[in-house]
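The values are calculated or read from the model by the stated rules, or taken from the named source; none is laboratory data. Just so we're clear, the structure is a prediction, and the values are computed from it rather than from any experiment. Because the Cβ atoms are built from the backbone with ideal geometry, glycine has one as well, and the counts that use them run over all protein chains shown.
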Amino acid sequence: MKSKQATFILAMGLACTLVAWGKPLAVIGLFVVSGMAVGSLYALGGVGLVVLYRTTGVLNFASGAMGAAGVMLAWQLGQWGWYEPMTWVAGLALATGLSLFYGRLIAPHLAARDTVVKAVATLGFALIVLGATSFVWDDDVRSFTLPSDQMAIRLLGLRVTVTRLIVFLTTVALVIGIWVYLEHTRMGLQMRALANDRHISSLIGVRILKVETIAWGMAGFIAGFTGLMFGDLVRLEPNIITFVVIPSIAAAICGRLDSLGMVLIGGLFIGVLESLLTLSPWLKSVRTVAPFVVAIAMLVLLQSGNRLLFGRDE
Amino acid sequence: MRRQIQSGIAALAFLALPGMAMAAGEAKVSCGTANGKAATGKPIKVGGIHGNAAPGDFSSSTDAAAAYFACVNASGGIHGRPVQYMVENDQWNPELAGQAASKLVQDEKVIALVGNGSFVEMSVNAPFYAKQNVMAMASACAVSECFESSNIVSTNQGPLASSIGAAMYAVETQKAKHVSCIGLAIPSVGNWSCGAVEKYMASKGLKGSSVLLNPGAPDVNAGLLEAVASGADAILVNLPAGLAIAFLRAAQEQDLRDKYQWTSSTPLYDESVPKALGKYWDGKMFINAELTPLDGKGADNQHWRSVMNAYAKAKSPRDTFSQSGYLSAKYFTQTLRAMDPAKLDDRAAVTAAIKKIAGYRSDLTCGPYYVGDSKQHMPNHAGTMVVVKDGAFKVVRSCYEYEGPYFQPLMVTEKSLKLR
């Protein structure tokens, strides 16, 4: 598998090089840093998806909608004059609450169903949450800012705000922290056992509801954090934030819904390739397909293996 | 949310005091002969189509038209008959847009459409309106088909004229040499309007370039970098307000405010924009306004506000599209009142009367309104420039007519109608 990962990284590096070929290095540097900033957001969303998938077997299409609801609440409370950190806490709490609501009340009823059915059910929940969010906050001009937007450093000519650095560093920290948690703690062991075989796990005494609740809570918190960052760095529009889950899923697929390190690398490559495609007069109009091209490339590479993406229990 | 709570309270108050509220409105606002009698008799059927679904709401145009018609009905109607205004929502869905037009024109047999506002409806229905010989007096147009069809005429300018107006300001006042137009990668919107900006710049011996953003791409940073890489000295933001704010936030993140001249087409002329932009852009963001400023003191602008206050919901936006919707409904009513009462239900006669409109004037627009029997309609091609200042807008250039190759055929039409 490691050789496939290396092949993937080489292929992506080659694709980026080809797209950027012939352009001044200073310009390429700007686009690479800009792409990494967006890519780290995709990776952040992807990490949340993989954490949940590895522990519950649910590919959560609703994570974007949960994050969107959270950041909209944070914005609203800010408009009402709430103390800023309290608005962030409320936004994170709403996203986490929505995730726990689904994880405790809906997901257990679908536990025995196929993985695809579980994923599609979350898509339905995403549309419900998006509908409710759009109903409460109708179309209007809004912006959400964080104090860290005012501070920045220069990197390859591009001004990178502290908010973007926070996103990148948080993603890296999450990848490391969650890997340690899953591999080296008792709860992490139980989570992996649960994901591997829910029935046998319950027979050997794993407290399924407790473990799943923790997993849904973690995923909701990450979704809320991603929503806050996306609302600040990209756009405060519920439908845009909701469907950021799509490039995040592409990033998650790069890690086979398993390897957090590859999710980070995949997310960054998606962002960089998407950004560099702007330099091509022929390809810039199709740059939105970059996440899918990257995901398909990874899927093709995985074809020779025997690991099914949606078939953990088979 | 606050606005919805407020409107909920307002609705309760309205339910509690219906007589008082309407009586007060009717006493102050008149849209007709002011004989104090509400219109009776067979309704005159008029349609309207707007787009309202994520990510945009164009319903303020039909809201304003509905408010004006309600005012007309309360003021004696048209030759004593009330207007029955039927509004459909295309939800940005071409299939629904086609169904809405079919329902209104073929099933309900409306004599005209008034106040239409959509990205989708005009592109889908322009051939249908021509085939059915029905006129659409639109108010919130954003696509080329809306301005280049035989049976659609709008009171608003759309992105092409408004962008050229902004580019003119950048060239004539800010002395820009190279304007980079940031538009949407939709052929009949961004390519069309930014392409016209490029032609305008070329006609002045200057350089124009376009950066077209995919509306589905969440990241706008790459588009900003592309504009920077183009070597432009002025950036013209020609995007829907939400996307424009995101683009300007990205520019703020790179601290580009003082490195370029900044202008925008009308979508940023919205009362909520100065707050969303923040202090960073104070005095630096220049925006084209298609119609008269929202706080204009002209009689029609004052009347528009009064009609909205008396007959529209409190939450209905008081924006440019609302002004346009009011104006379309006013011109339509004016045309029907000049017609033979016996022909008010004759769609062909109404279409002919609308096409004969020439020289209607209002303080809401800088120039005269006309229709004519033409395949290109853009009567409103002069506007105002405002700057974001102290959390509001300040006029920096009053009514000026736009220049460029696109407007040449319009000038010929206006000369033939003796309007210039």
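Return yes or no: is A:W179 part of a helix (DSSP H, G or I) and under 25 Å from A:L105 (Cβ atoms)?
No; evaluated as a whole, the condition is false for this residue.
Under the condition of being away from chain B (no Cβ under 11 Å) and over 23 Å from A:E84 (Cα atoms), which residue from region A:131-160 is surrounded by the fewest Cβ atoms within 10 Å (Cβ to Cβ)?
Per the criteria, the residue is A:I153.
Any idea how many residues of region B:389-420 are among the basic types (K, R), more than 23 Å from B:M168 (Cα to Cα) and in contact with a helix residue (DSSP H, G or I) (Cβ under 6 Å, 6 or more places away or on another chain)?
Matching residues across region B:389-420 total 0.
Conditions (1) assigned to a loop (DSSP other than H, G, I, E, B); (2) more than 17 Å from A:A37 (Cβ to Cβ), marked per residue:
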| residue | (1), (2) |
| --- | --- |
| A:S202 | no, yes |
| A:A223 | no, yes |
| A:D232 | no, no |
| A:L236 | yes, yes |
| A:I241 | no, no |
| A:S275 | no, no |
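Output the residue which, of all residues in region B:190-201 that are crowded, with 18+ Cβ neighbours inside 10 Å and either under 30 Å from A:A37 (Cα atoms) or touching a residue at least 40 places away in the same chain (Cβ under 8 Å) (or both), is farthest from the other protein chains (Cβ to nearest Cβ).
By that ranking, first place goes to B:Y200.
Looking only at region B:55-72, count every residue that is surrounded by fewer than 24 Cβ atoms within 10 Å (Cβ to Cβ) and in a helix (DSSP H, G or I) and tell me the total.
Counting residues in region B:55-72 that are surrounded by fewer than 24 Cβ atoms within 10 Å (Cβ to Cβ) and in a helix (DSSP H, G or I) gives 1.
Can you give me the number of residues within region B:46-78 that are at pLDDT 90 or above, within 14 Å of another protein chain (Cβ to nearest Cβ) and out of contact with any Phe, Trp or Tyr (no Cβ under 7 Å at 6 or more places or on another chain)?
The total comes to 2.
From the list B:L239, B:L256, which one is out of contact with any Ser or Thr (no Cβ under 7 Å at 6 or more places or on another chain), under 26 Å from B:G190 (Cα atoms), surrounded by fewer than 18 Cβ atoms within 10 Å (Cβ to Cβ) and modelled with pLDDT under 95?
B:L256
Can you work out which of the residues in region A:141-178 that are of a type in the set (G, A, S) and free of Cβ contacts under 8 Å to residues at least 60 places away in the same chain is farthest from A:R235 (Cα to Cα)?
Going through the qualifying residues, I end up with A:G177.
Mind checking whether some residue in region A:104-111 is assigned to a loop (DSSP other than H, G, I, E, B), over 21 Å from the mean Cα position of the chain (by Cα) and more than 11 Å from chain B (Cβ to nearest Cβ)?
yes
Any idea which of (1) hydrophobic (A, V, I, L, M, F, W, C); (2) assigned to a helix (DSSP H, G or I); (3) without any contact (Cβ under 8 Å) to a residue 40 or more places away in the chain is the one A:I265 doesn't satisfy?
It fails just one condition, (3).
For region B:91-113, which residues satisfy the criterion of being assigned to a loop (DSSP other than H, G, I, E, B) and within 23 Å of B:T333 (Cβ to Cβ)?
B:E108, B:K109, B:V110, B:I111, B:A112 - these are the residues of region B:91-113 that are assigned to a loop (DSSP other than H, G, I, E, B) and within 23 Å of B:T333 (Cβ to Cβ).
Confirm whether B:G242 is within 13 Å of chain A (Cβ to nearest Cβ), in contact (Cβ under 8 Å) with a residue 60 or more places away in the chain and within 22 Å of the chain's Cα centre (by Cα).
Considered against the rule, which asks whether it is within 13 Å of chain A (Cβ to nearest Cβ), in contact (Cβ under 8 Å) with a residue 60 or more places away in the chain and within 22 Å of the chain's Cα centre (by Cα), B:G242 comes out as yes.
Looking only at region B:386-409, which residues are under 24 Å from B:E198 (Cβ atoms), touching a residue at least 12 places away in the same chain (Cβ under 8 Å) and surrounded by fewer than 23 Cβ atoms within 10 Å (Cβ to Cβ)?
B:R397, B:Y400, B:E401, B:E403, B:G404, B:P405, B:F407, B:P409 - these are the residues of region B:386-409 that are under 24 Å from B:E198 (Cβ atoms), touching a residue at least 12 places away in the same chain (Cβ under 8 Å) and surrounded by fewer than 23 Cβ atoms within 10 Å (Cβ to Cβ).
Among the numbered criteria (1) within 8 Å of chain A (Cβ to nearest Cβ); (2) within 27 Å of the chain's Cα centre (by Cα); (3) among the polar types (S, T, N, Q), which one does B:Q254 miss?
(2)
Keeping to region A:69-86, report how many residues are buried (at least 23 other Cβ atoms within 10 Å of the Cβ) and either free of Cβ contacts under 8 Å to residues at least 40 places away in the same chain or within 14 Å of chain B (Cβ to nearest Cβ) (or both).
Total meeting the criteria: 5.
As an exercise: evaluate B:A232 against (1) crowded, with 20+ Cβ neighbours inside 10 Å; (2) in a loop (DSSP other than H, G, I, E, B); (3) within 12 Å of chain A (Cβ to nearest Cβ) and give the number of the one condition it does not meet.
Of the numbered conditions (1) crowded, with 20+ Cβ neighbours inside 10 Å; (2) in a loop (DSSP other than H, G, I, E, B); (3) within 12 Å of chain A (Cβ to nearest Cβ), the odd one out for B:A232 is (3).
Given the conditions (1) within 14 Å of chain A (Cβ to nearest Cβ); (2) more than 25 Å from A:P247 (Cβ to Cβ), and given that B:Y169 satisfies all but one, which numbered condition is not satisfied?
(1)
Looking only at residues that are among the aliphatic types (A, V, I, L, M) and in contact with a Ser or Thr (Cβ under 7 Å, 6 or more places away or on another chain) in region A:230-269, which one is nearest to A:L169 (Cα to Cα)?
For region A:230-269, the residue satisfying everything is A:L264.
Might you let me know whether region B:266-285 holds any residue that is more than 14 Å from chain A (Cβ to nearest Cβ) and buried (at least 19 other Cβ atoms within 10 Å of the Cβ)?
No, every residue in region B:266-285 fails to be more than 14 Å from chain A (Cβ to nearest Cβ) and buried (at least 19 other Cβ atoms within 10 Å of the Cβ).
Of (1) under 24 Å from B:A234 (Cβ atoms); (2) touching a residue at least 60 places away in the same chain (Cβ under 8 Å); (3) among the hydroxyl-bearing types (S, T, Y), B:Y280 satisfies all except one. Which?
(2)
Examine region A:287-302 for a residue that is in a helix (DSSP H, G or I), free of Cβ contacts under 8 Å to residues at least 12 places away in the same chain and closer than 26 Å to B:V220 by Cα, and state whether such a residue exists.
Within region A:287-302, one or more residues are in a helix (DSSP H, G or I), free of Cβ contacts under 8 Å to residues at least 12 places away in the same chain and closer than 26 Å to B:V220 by Cα.
Any idea which residue in region B:213-228 is nearest to the other protein chains (Cβ to nearest Cβ), counting only those that are in a loop (DSSP other than H, G, I, E, B) and touching a residue at least 24 places away in the same chain (Cβ under 8 Å)?
B:N214
Looking for whichever is among the aliphatic types (A, V, I, L, M) and farther than 19 Å from B:V350 by Cα here; the options are B:V189, B:V153, B:V114, B:V105. Which one fits?
Being among the aliphatic types (A, V, I, L, M) and farther than 19 Å from B:V350 by Cα holds for just one of B:V189, B:V153, B:V114, B:V105, which is B:V189.
On the given criteria, is B:R337 within 14 Å of another protein chain (Cβ to nearest Cβ) and closer than 20 Å to B:A70 by Cα?
no
Just wondering, is there one or more residues in region B:202-212 that are more than 26 Å from B:G278 (Cα to Cα), within 8 Å of chain A (Cβ to nearest Cβ) and in contact with a strand residue (DSSP E or B) (Cβ under 6 Å, 6 or more places away or on another chain)?
No, there is no match, as no residue in region B:202-212 is more than 26 Å from B:G278 (Cα to Cα), within 8 Å of chain A (Cβ to nearest Cβ) and in contact with a strand residue (DSSP E or B) (Cβ under 6 Å, 6 or more places away or on another chain).
When region B:152-192 is examined, which residues are found to be polar (S, T, N, Q), in contact with a helix residue (DSSP H, G or I) (Cβ under 8 Å, 6 or more places away or on another chain) and either in a loop (DSSP other than H, G, I, E, B) or at pLDDT below 95 (or both)?
Across region B:152-192, the qualifying residues are B:T155, B:N156, B:Q157, B:S188.
Every residue, every condition in (1) surrounded by fewer than 16 Cβ atoms within 10 Å (Cβ to Cβ); (2) free of Cβ contacts under 8 Å to residues at least 12 places away in the same chain, yes or no:
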| position | (1), (2) |
| --- | --- |
| A:V180 | yes, yes |
| A:L189 | yes, yes |
| A:L194 | no, no |
| A:D197 | yes, no |
| A:G220 | no, no |
| A:M229 | no, no |
| A:L233 | no, no |
| A:P238 | no, no |
| A:F243 | no, no |
